[in-house]
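Down below is the structure, laid out as C-alpha cells.
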Amino acid sequence: MLERIGDALHTDKYQITMMYAHWKNGSHQRKRAFDLYFRHLPFGNGYAVFAGLERALQYLENLRFTEEDIAFLARQPEQYDPDFLDMLRTFRFQGDVYAVPEGTIVFPNEPLLRLEGNVMELQLVETALLNFIGYQTLVATKAARIRTVAGNDLVMEFGTRRAQESTAAIWGARAAYLAGFDATSNVRAGERFGIPIIGTHSHSWVQDFENELEAFRAFARAFPEQSVLLVDTYDTLRSGLPHAIQVGLELKQQGKRLAGIRLDSGDLAYLSKQARKMLDEAGLTDTRIIASSDLDEDTILNLKAQGARIDSWGIGTKLITAYDQPALGAVYKMVAKMEQGQWVPTIKISSNPEKVTTPGRKNVYRIIDKVTGKAQADLITHVDERVDEKTPLVLFDPVHTYRKKRVTHFQAIELLQPVMRNGELTVELPSLEEIRRYHREQRSLFWEEYLRLLNPEEYPVDLSNKLWKMKQELIQQIYQTFVEPKKKQD
Ligand SMILES: Nc1ncnc2c1ncn2[C@@H]1O[C@H](COP(=O)(O)OP(=O)(O)OP(=O)(O)O)[C@@H](O)[C@H]1O
Ligand SMILES: O=P(O)(O)OC[C@H]1O[C@H](OP(=O)(O)OP(=O)(O)O)[C@H](O)[C@@H]1O
Ligand SMILES: O=C(O)c1cccnc1
C-alpha cells in the first residue's frame with residue numbers, strides 16, 4: 001500500500017478542531033458549499049492543466065477514521081468528548097461534488113471543484129484536496145510546457161529520485177503522462193496506472209566493469225534489441241561514443257540494432273551533433289540520441305535552437321519538483337450557506353481586491369466559437385442561470401467592465417460536472433489514456449496565443465452579469481453592515 005487512500009488524518013489540526021467545535025455547538029450538520037480554485041498561473045504559463053481529481057475522489061469515497069486514528073485523537077490534550085470520538089467511527093463523506101474533468105485546460109479564479117455537504121465533512125477534506133490537486137495540477141502544467149517544446153520527440157519522466165517522497169513521484173508521473181509525456185522510469189507508476197515504463201542504465205553500470213567496452217558489451221548481451229548506452233562516464237567523444245559504436249557494429253553484424261546512446265553531461269548541443277555525425281559515419285543511422293541532465297522547457301528550447309540532434313529527453317528534477325514554482329497556491333473557500341432551505345451566497349472580503357471571493361454556487365461555461373471551433377472565454381455563472389446558445393451573449397471583463405464583447409454562434413460547454421452524490425461516485429472515471437486523449441483535444445480548442453510559453457495572451461474568464469451584480473451587492477452589504485458603523489464609532 002502506497003498511502004492510505006481515505007486517510008482522515010491527512011489534514012491540518014485546525015480542521016479537526018473546527019469539526020469538534022461545530023459538533024459541540026450542534027452546528028456540524030449545517031449545509032455549506034465550497035469552491036476549490038487557484039488565483040495565479042504557474043511558470044508564467046497562459047493556462048494550467050487540471051489534474052488530481054481521481055486521487056481526490058478516491059480519497060473522498062474511502063474517507064475513514066480508523067481505530068488507531070481515534071485512539072491517537074483521544075490522546076490529545078483537548079480531551080475530545082468520547083461521544084465525538086464515537087461519532088468519528090461511522091464518519092463518512094456524504095457530500096456532493098461537481099468537478100472539471102481531469103486534463104481540462106483551466107484558468108485562475110474559476111471553480112475546479114465545488115463541494116456541497118455538511119460543514120464538518122467539508123472542513124475536514126480541505127487540506128487533502130488542496131494537497132492532491134495543487135501538486136498534480138502543477139506537475140501536469142509543467143509537463144505540458146515541456147511537451148510543447150519537445151514537439152514530437154519522446155519525453156520520459158525520470159524524476160522519482162528527486163521527488164518530494166514516494167507518493168509525489170507516483171502521482172507526479174501520472175500527472176506528467178496525462179499532460180503528454182510518453183513514459184516514466186517509475187515502475188510502480190507503470191504497474192498502477194499502465195504508463196509505459198522505460199529506462200537506460202546508470203554510470204555505476206559502467207564503473208562496475210573493468211572497462212567501458214566490456215560494460216557496454218555485457219549490457220548489449222542482456223538487451224540485444226533495446227540497449228541505450230550511457231556514454232559520458234569517462235569521456236563522451238573519445239571513449240563513450242567509440243565504444244558504443246563498436247558495440248553497435250557488433251550488434252549490427254548479428255542482425256540487431258543499438259537502440260540509442262544517452263548523453264548526461266557537458267554541452268548537449270555540441271555533443272549531440274558530434275555524436276550524430278559519428279554514429280551516421282559508422283552506418284548507425286537509426287541509433288537514437290537521448291539526453292538528460294537537469295533539463296526543462298527552457299534548456300530543451302535552447303538546445304533545439306542550437307541545432308542539437310537529440311531525439312528523446314529524460315526529465316527529472318525540474319519536472320517532478322515543479323522546480324521554478326513549487327506550489328500552485330490553490331485555495332478552498334466557502335461560497336454559500338443553506339439557510340431555511342435556501343442557498344445564501346457568502347463572501348470573503350480582502351483589502352486585496354483579487355482575493356475577494358466570488359459568492360454563490362457557480363457553474364463554468366467554456367464559450368466556443370462555432371465558426372472557428374476555438375474557445376473565446378470562460379464564463380462563470382450562478383448555478384441557476386442557463387446560458388442560451390440562441391441568444392447573443394455580452395461578455396465583459398469583471399475588473400474593467402467597459403471592456404465588452406458580444407458573441408453569437410457559440411457553443412457553451414459546461415465544465416463543472418456532477419461526479420459524486422451523497423458521498424458516492426455517480427460517474428465512471430475515465431481511464432488515464434482517455435484523460436490524456438481528452439487533454440490533447442482540449443489543446444486544440446485554444447488559439448496558439450494562449451498556449452505559447454513566453455508572455456502568453458491572457459485568456460478571458462468572465463462573470464455573468466447576475467453574478468457580477470451579486471458580488472458587488474454583497475461587498476456593499478458587508479461594507480455597510482460591518483465597516484461603516486465601525487468607522488463612525490472611531
Ligand atoms: N548547449 C547547451 N546550451 C544550454 N544549456 C545546456 C547546454 N548543454 C547542457 N546544458 C545544460 O546546462 C546544465 C549543465 O549543468 P552542469 O554544468 O551542472 O553539469 P553537467 O555538464 O551536467 O556535468 P556534471 O553532471 O558532470 O556536473 C544542465 O542544466 C544542462 O541541461
Ligand atoms: O537531471 P534530472 O532531470 O534530474 O534527471 C534525472 C537524473 O538522474 C540521473 O542522474 P544521477 O546522477 O542521479 O544518476 P546516474 O549515476 O545514473 O547518472 C540521470 O542520469 C539524470 O541526470
Ligand atoms: O533510465 C534512465 O536513464 C534514468 C532513470 C531515472 C533517472 N535517470 C536516468
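The values are calculated or read from the model by the stated rules, or taken from the named source; none is laboratory data. Please read all numbers here as calculations on a predicted model, not as lab measurements. Neighbour counts run over all protein chains shown; Cβ positions are idealised from the backbone, glycine included.
For the reader, a short list of remarks on this structure follows.
- The strands (runs of 3 or more DSSP E) located wholly in the range 359-463 that include 2 or more residues which are aliphatic (A, V, I, L, M) and closer than 27 Å to residue 332 by Cα occupy 362-369, 375-382, 410-414, 417-421, 461-463.
- Among the residues of the range 188-200, those that are away from ligand 1 (no atom under 16 Å from the Cβ) and within 23 Å of residue 311 (Cα to Cα) comprise 190, 195, 196, 197, 198, 199.
Yes/no matrix, rows are residues, columns are (1) of a type in the set (Phe, Trp, Tyr); (2) within 19 Å of the chain's Cα centre (by Cα):
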position: 302; (1), (2): no, no
position: 312; (1), (2): no, no
position: 326; (1), (2): no, yes
position: 330; (1), (2): no, yes
position: 343; (1), (2): yes, no
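- Within the range 292-346, the set of residues being of a type in the set (Gly, Ala, Ser), away from ligand 2 (no atom under 12 Å from the Cβ) and buried (at least 19 other Cβ atoms within 10 Å of the Cβ) comprises 308, 312, 322, 330, 336.
- Close pairs from the range 196-214: first modelled with pLDDT under 95, partner loosely packed, with under 15 Cβ neighbours inside 10 Å, Cβ under 8 Å, at least 6 apart: none
- Selection within the range 151-181 - more than 11 Å from residue 321 (Cα to Cα), surrounded by fewer than 22 Cβ atoms within 10 Å (Cβ to Cβ) and within 16 Å of ligand 1 (Cβ to nearest atom): 153
- Residue in the range 39-61 that is among the hydrophobic types (A, V, I, L, M, F, W, C), modelled with pLDDT under 95 and over 28 Å from residue 383 (Cα atoms) present: no
- Top-ranked residue in the range 193-203 [being assigned to a loop (DSSP other than H, G, I, E, B) and more than 12 Å from ligand 3 (Cβ to nearest atom); ranked as farthest from residue 241 (Cα to Cα)]: 194
- Residue, nearest to residue 33 (Cα to Cα), within the range 410-429, restricted to residues that are buried (at least 17 other Cβ atoms within 10 Å of the Cβ) and within 18 Å of the chain's Cα centre (by Cα): 416
- Verdict on residue 148 being touching a residue at least 40 places away in the same chain (Cβ under 8 Å), away from ligand 1 (no atom under 16 Å from the Cβ) and surrounded by fewer than 20 Cβ atoms within 10 Å (Cβ to Cβ): yes
- Among the residues listed as 286, 267, the single one being surrounded by fewer than 16 Cβ atoms within 10 Å (Cβ to Cβ), farther than 22 Å from residue 157 by Cα, modelled with pLDDT of 95 or more and more than 30 Å from the chain's Cα centre (by Cα): 286
Residue-wise test of (1) outside any helix (DSSP H, G or I); (2) more than 15 Å from ligand 2 (Cβ to nearest atom).
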site	(1), (2)
161	no, no
164	yes, no
171	no, yes
174	no, yes
181	yes, no
188	no, yes
191	no, yes
205	no, no
213	no, yes
